[in-house]
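**Student:** Below you will find the structure I want to go over with you.
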Amino acid sequence: MSAPIIAASARSITKSFGSGNARIEVLHGIDIDSYESEILMLLGPSGCGKTTLISILAGTLTADSGELSVLGEPLHAMKKSAITRFRARNIGFIFQQFNLIPTISCEENAAVPLLIQGMSLAKALPHARNSLDQVGLGDHMKKRPNQLSGGQQQRVAIARALVHHPRLIICDEPTAALDAENGQRVMDLFRDLMRQPGRCAIVVTHDHRILQYSDRIATMNDGRIVESVPTSQFDFDHHR
Ligand SMILES: Nc1ncnc2c1ncn2[C@@H]1O[C@H](COP(=O)(O)OP(=O)(O)O)[C@@H](O)[C@H]1O
Ligand SMILES: [Mg+2]
């Protein structure tokens, strides 16, 4: 087998919030790599900085210092407008809180990344429907998000993140609101996507049921990566 190709790489990333006495440093120098065709899962207690880190990897938040290369682009050196364009084309982000638009239908929500890229709604909707079908929501396309359960809303958010075929999928607890069956379904879908060349996923999770779907597991604590190992070397008993 040839050596894995790095998809995203962070070096010495730091991030603080607030200023003066209220300033807290949340990331204390993060080094992490993710690889093409792999699912990297990120574990760690609440408040340790997982969401902050993946927001930086996705380019929605700027680090205070450090270097960041994502799909070959030096994000730390790029202008905001260039990052926004890069993100719209290459990254599918699944937010912890879903961030669906309440006033429009699920199919319109799932179409949003394509609309951002300038596609017409008429052209985008068939792609959105296809994406909703993939997550098992084919029967709910016309409903608004608040007419669906939490788990169904989470799947709309996943369909939206996949609709533009992003090379990098980043998700914050993608199965938190899902029962076992739908959690597996989503992870099977991610696994299938990783078989296409040049794809990569970074998944924050508390859900030990889905760790088996990962290729690599990184553990965070208090703003640092404390371990990063291939899943075959992960000590499941120790982390239970
Ligand atoms: N926008 C923000 N302003 C101030 N503090 C924040 C902000 N975002 C996150 N934090 C703080 O940073 C720490 C890490 O948060 P977060 O990255 O959300 O952790 P996790 O996702 O691991 O639960 C927490 O103490 C949180 O309160
Ligand atoms: Mg979080």
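**Student:** Please go through (1) at pLDDT 95 or above; (2) away from ligand 2 (no atom under 16 Å from the Cβ); (3) more than 30 Å from HIS140 (Cβ to Cβ) for GLY49 and return the number of the only condition it doesn't satisfy.
**Tutor:** Status for GLY49: all satisfied but (2).
**Student:** Shifting gears a bit: Among the candidates ASP237, ASP179, which residue alone is touching a residue at least 24 places away in the same chain (Cβ under 8 Å) and either more than 22 Å from SER46 (Cβ to Cβ) or open to solvent by 10 Å² or more (accessible area, probe 1.4 Å) (or both)? Steps first, answer last, please.
**Tutor:** On the way: ASP237 fails: touching a residue at least 24 places away in the same chain (Cβ under 8 Å).
None of the other options fit; the residue is ASP179.
**Student:** Under 6 Å between Cβ atoms, which residue pairs at least 6 apart in sequence (or on different chains) link something in segment 193-215 that is within 21 Å of ILE6 (Cα to Cα) and in a loop (DSSP other than H, G, I, E, B) with a partner that is of a type in the set (A, V, I, L, M, F, W, C) and open to solvent by 10 Å² or more (accessible area, probe 1.4 Å)?
**Tutor:** Close Cβ pairs (under 6 Å, with a partner that is of a type in the set (A, V, I, L, M, F, W, C) and open to solvent by 10 Å² or more (accessible area, probe 1.4 Å)) amount to ARG199/LEU193.
**Student:** If you scan segment 1-50, which residues turn out to be part of a loop (DSSP other than H, G, I, E, B) and among the β-branched types (Val, Ile, Thr)?
**Tutor:** Applying the first criterion (part of a loop (DSSP other than H, G, I, E, B)) to segment 1-50 yields 1-5, 18-19, 23, 36-38, 44-49.
Matches in segment 1-50: ILE5 only.
**Student:** Can you say whether ALA88 is at pLDDT below 95, closer than 23 Å to TYR35 by Cβ, of a type in the set (A, V, I, L, M) and surrounded by fewer than 18 Cβ atoms within 10 Å (Cβ to Cβ), as far as the supplied structure shows? Full working, then the answer.
**Tutor:** Values: at pLDDT below 95: yes; closer than 23 Å to TYR35 by Cβ: no; of a type in the set (A, V, I, L, M): yes; surrounded by fewer than 18 Cβ atoms within 10 Å (Cβ to Cβ): yes.
Spelling it out, it is not the case that ALA88 is at pLDDT below 95, closer than 23 Å to TYR35 by Cβ, of a type in the set (A, V, I, L, M) and surrounded by fewer than 18 Cβ atoms within 10 Å (Cβ to Cβ).
**Student:** If a residue has to be buried (at least 18 other Cβ atoms within 10 Å of the Cβ), of a type outside the set (A, V, I, L, M, F, W, C) and more than 15 Å from ILE170 (Cβ to Cβ) to count, how many in segment 21-48 make the cut?
**Tutor:** So the count comes out to 1.
**Student:** Then there is this: Going by the conditions given, is GLU173 within 16 Å of ligand 1 (Cβ to nearest atom), free of Cβ contacts under 8 Å to residues at least 60 places away in the same chain and not β-branched (Val, Ile, Thr)?
**Tutor:** On the way: within 16 Å of ligand 1 (Cβ to nearest atom): yes; free of Cβ contacts under 8 Å to residues at least 60 places away in the same chain: no; not β-branched (Val, Ile, Thr): yes.
It is false that GLU173 is within 16 Å of ligand 1 (Cβ to nearest atom), free of Cβ contacts under 8 Å to residues at least 60 places away in the same chain and not β-branched (Val, Ile, Thr).
**Student:** In segment 193-225, which residues are of a type in the set (Asp, Glu), modelled with pLDDT of 90 or more and within 17 Å of the chain's Cα centre (by Cα)?
**Tutor:** Here is the first cut: in segment 193-225, the ones of a type in the set (Asp, Glu) are 207, 215, 222.
Those still in the list that are modelled with pLDDT of 90 or more too: 215, 222.
The one that is of a type in the set (Asp, Glu), modelled with pLDDT of 90 or more and within 17 Å of the chain's Cα centre (by Cα): ASP215.
**Student:** Cβ-Cβ below 7 Å, separation at least six or inter-chain, first residue in segment 44-59 and touching a residue at least 12 places away in the same chain (Cβ under 8 Å), second within 9 Å of ligand 2 (Cβ to nearest atom) and open to solvent by 20 Å² or more (accessible area, probe 1.4 Å): which pairs?
**Tutor:** Here the result reads THR51/GLN96, each pair linking segment 44-59 to a residue that is within 9 Å of ligand 2 (Cβ to nearest atom) and open to solvent by 20 Å² or more (accessible area, probe 1.4 Å).
**Student:** Still on this structure, I have one more. Could you check segment 216-231 and list, in sequence order, the residues that are among the hydroxyl-bearing types (Ser, Thr, Tyr) and not in a helix (DSSP H, G or I)?
**Tutor:** Of the residues in segment 216-231, the ones among the hydroxyl-bearing types (Ser, Thr, Tyr) are 219, 228, 231.
Within segment 216-231, THR219, SER228 qualify.
The values are calculated or read from the model by the stated rules, or taken from the named source; none is laboratory data. A quick note: this is a predicted structure, and the numbers were derived from the prediction, not measured. Glycine also receives a Cβ, built like all others from the backbone with ideal geometry; neighbour counts cover every protein chain displayed. SASA here: full protein model, heavy atoms, side chains in, ligands and nucleic acids out. Shrake-Rupley method; radii C 1.70, N 1.55, O 1.52, S 1.80 Å.
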